[in-house]
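Before any comments, here is the structure.
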Amino acid sequence: MNPLKSITGTIVTGVVLSVIVMVIYADGSTNPIEFTVWFHVLAGVTWIGILYYFNFIQVPAVATALAEADNGGPGAAAINKYIAPKALLWFRWAALATWLSGAAILGQMGILGSAFMLKPGTAVIGIGAWMGTIMLFNVWVLIWPNQKKILGLDGKSHEADVITKAKFVALMASRTNTALSIPMLLSMTAFGHGGFPF
């Protein structure tokens, strides 16, 4: 039985390997919030990885597939029917898990309020937290509802102009999130390593 033949088996294998690393290389020091941080990073990598996949791979691929459909190409049906709904499922829930675990970390550190108020000493991570909050809003309020219209996942039939508007709103929200992810990640790493380099 090969655990790598399923996604569940692969994830369980990764968790087991992590526990082995923790047991073998424990050096006596502990960090009570490390499990929350670890989960936050895993969820964040999933969220941002799928965000980058959408922007760098899927959107251009769908455009190419649609352009080639006029010349007998396969079109975007397979991407829109089989890939996009599953990617959007992981995308939106990873976004929520990332935000909630990030807020939990700030709470465990005792800086949740001061970070969101951008108080001295926590402003760097607070900037990242606000960007993450805007990104979460974009995922659940702008991207997901419009993608449901585009992909026909809302069970309704929409006119072409509604679909065109939904595509624009979803794309702009997604591109905004891609742009915000870059300084957001800078804020997160800067806070963990003593601030900005200049």
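A short reminder: the numbers here are calculations on the coordinates, not readings from a lab. On a predicted model such as this, the values are computed, not experimentally measured, just so you know. Backbone-built Cβ (ideal geometry, glycine too); neighbour counts: all protein chains shown.
Less than 5 angstrom separates the built amide H of HIS158 from none of the residues sequence-distant by 5 or more or on a different chain.
Among the listed values [x] 107; [y] 125; [z] 168, the one matching volume of the Cα convex hull per residue in Å³ as calculated from this structure is [z]. Taking R0 as 41 Å, what FRET efficiency do you get between PHE168 and ASN2 from their Cβ-Cβ distance, rounded to the nearest 0.05? Once the sixth-power term is evaluated, E becomes 0.40. Each peptide in 140-152, 59-71 receives the mean, over its residues, of other Cβ atoms within 10 Å, and ordering these scores from highest gives 140-152, 59-71. Counting beta carbons within 10 Å around each of HIS40, HIS158, HIS193 and listing the fewest first gives the order HIS193, HIS158, HIS40. Computed about its Cα centre, the charge dipole of the chain is approximately 300 debye, with only Lys, Arg, Asp and Glu carrying charge at their Cβ. Each of THR98, THR8, THR133, THR122 has some number of other Cβ atoms within 10 Å of its Cβ, and from fewest to most they run THR8, THR133, THR122, THR98.
Taking 0.36 nm per residue of sequence separation and removing the Cα-Cα distance, the GLU159/VAL59 pair yields an extension gain of 33.9 nm. Exposure proxy ranking for ARG175, ARG92, based on other Cβ atoms within 10 angstrom of each Cβ and starting from the fewest, stands as ARG175, ARG92. Couplings for region 140-150, taken from phi via the Karplus curve 6.51 cos²θ - 1.76 cosθ + 1.60 with θ = phi - 60°, read 7, 9, 10, 6, 4, x, 6, 5, 4, 5, 4 Hz in order; Gly and Pro are left as x. Relative contact order for the chain: 20 percent, from Cα pairs under 8 Å spaced at least 6 residues apart, divided by residue count. Karplus-based coupling profile of region 170-186, in residue order and whole Hz: 4, 5, 5, 5, 5, 5, 4, 4, 4, 5, 5, 4, 5, x, 4, 5, 4, with θ = phi - 60° in 6.51 cos²θ - 1.76 cosθ + 1.60 and x standing for Gly or Pro. Amide H to amide H distances under 5 Å link GLY75 with ALA69, where only residues 5 or more positions off or on other chains count and H is placed in the peptide plane.
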